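Working notes, beginning with the structure itself.
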């Protein structure tokens, strides 16, 4: 067998050991989209961009900032439950490679119903009987999957209408996630990202890197160890730099204690929020540090 330490990915793009996961299992929530976003950053070499991760059933859209997913600034709904835990800022819609395509007199619909993992058995391009988003992507020339001759009979108007639905909904989600009116680069990953057009409204460019289909696994494999400080400090104006240095050092120490290799740790995010409703120049300071996983020797 394999004798190796076990680490799990958590939803801020870093790793945690089993003991930490037992204490804080909620930290694993939404780690899937986070892994894909970290993998997208690695494959595209774009530390700041929008990421569209499309699987068989859903499309997850998030924003990368300095190579890590932007965190949600408000409470997040998880399975109908309002939570106040740290979560990545991700918006999901029911469009994926296996999404059903329905064309009726009233219009064309794509998703949210999907064949899911049975795409290779049920999609037309694989000899099945269900018209899916993958089928219209192949018929529309966006992808080479399965047997294109099996969708050659599809009416061009149906294909174009379905692809317009996909394009419009993806563009809408990217637009909702942007922090400004400026177009942003969009990195398309996941097996279903064959649905993303080369030109997407609101995107300065669309990047589909090599190995895009396995970005999720790559994101988990390259994950670093993190340490974070999130605390309210009393910041005297003349001592601001001293307080920030203290917070930085504590974040670095926490990363090393969690398993990061000393000397590899760097600060990736600093946030200061003055709290006017509290006395004493109260300021919430949040510092995040990350470093490479140390697999040898004792932890500091």
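Please treat every number below as a calculation from the coordinates, not as lab data. Since the model is a prediction, treat every value here as computed from it, not as a measurement. Cβ placement follows ideal geometry from the backbone for every residue including glycine, while neighbour counts extend to all protein chains displayed.
Find how much the distance from residue 91 to residue 19 grows on full extension, using 0.36 nm per residue of separation minus their present alpha carbon separation; answer in nm with one decimal. Gain on stretching residue 91 to residue 19: 22.9 nm.
Axis angle, to the nearest 10 degrees, between helix 31-44 and the longest C-alpha principal axis of the chain: 80 degrees. When Cα extents along the principal axes in Å is computed from the coordinates, the matching label among [x] 72, 53, 35; [y] 60, 44, 42; [z] 50, 50, 38 is [x]. Helix 156-177 axis versus longest C-alpha principal axis of the chain: approximately 10°, rounded to the nearest ten. What separates the Cα centres of segment 74-128 and segment 217-286 is a distance of 37 Å.
Each of the peptides 219-225, 142-148 was scored by the mean count of other Cβ atoms within 10 Å over its residues; in descending order, highest first, they stand as 219-225, 142-148.
Computed from Cα positions, the angle between helix 240-257 and the longest principal axis of the chain comes to roughly 70 degrees.
Pairs of Cα atoms nearer than 8 Å and 6+ residues apart set the relative contact order; for the chain it is 17 percent.
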